[in-house]
Amino acid sequence: MTEAASAAILAAFVVFCRIGACIMLMPGLSSPRVPVRARLFVAVGLSLAFLPLLYDQLYTQLHQVELSRMMRIIVTELMIGLLIGLLARLFFLMLETLGTAIASCIGLSGIAGIPMEETESEPAIVTLIVLIATTLFFVSDLHLEVLRGLFQSYDALPPGGGLPTRFSMTELADALTGASLLALRISSPFLVLSLVLNFSFGLANKMTPSIQVYFASMPFLIAAGILLMMTISKPYFQGFMIGFEQFLGR
């Protein structure tokens, strides 16, 4: 094998490490419902698409590199890819967490659904929320924003430059804060509804202790929750996608 062919294969593998690690945590593609072979084909296709644009930069970093340094570069590329994928995944994880809280607030936590992003069973309303958010993620082309950030990461974090720990922790903290506040903001109507109704039912139970208000109030709580979801479903998902898009733009 010639030196040029060896350098090209090595550069392609380094690109695949960062892109493959990002695809492993990227929303939608990281779901257990997506076959591993399909995710592998996507990662290989993106690596081959990025390689011509990054080859000159990678060749200067990988030309006649030692084995020990090459192993450090591979580990660093994997960590950078995992970081980028996790930053985007945090928003969907927080949406799923608040979706579980919504299911508990409106009395639908006992209805099991098919898990979308995880392997464990989730309430049916959480499955619906995550499925719609994932569909909008691809329909609105936000997955291209993730790929654009992945490509531009080679300018901010070039191969062989190492992984800045402080920068990574700061980005993770900012993403976790933004995702938590966004999910809490769009889910707040359900939390307020649950607080108001349960407080009202508690007062009614104190006034009529001989009546099992809890069992009588559960159908009203479920109906109110479903009616609220039907009313605010459009601004709910619009608010999530706008907040997520603003984060990806930054």
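The values are calculated or read from the model by the stated rules, or taken from the named source; none is laboratory data. No experiment lies behind these values; they were computed from the predicted model shown. When we count neighbours, we look across all protein chains shown, and the Cβ atoms used for this are built from the backbone with ideal geometry, even at glycine.
Within segment 120-157, work out how many residues are outside any loop (DSSP other than H, G, I, E, B) and either out of contact with any strand residue (DSSP E or B) (no Cβ under 9 Å at 6 or more places or on another chain) or of a type in the set (Ser, Thr, Tyr) (or both).
26
Output the number of residues of segment 7-35 satisfying the condition of being part of a helix (DSSP H, G or I) and under 18 Å from the mean Cα position of the chain (by Cα).
Within segment 7-35, the first condition is being part of a helix (DSSP H, G or I), and the residues that meet it are 7-25.
Checking which are under 18 Å from the mean Cα position of the chain (by Cα) leaves us with 18-25.
The qualifying residues number 8.
So in segment 61-81, with the set limited to residues that are at pLDDT below 80 and in contact with a Gly (Cβ under 9 Å, 6 or more places away or on another chain), which one is farthest from residue 18 (Cα to Cα)?
65
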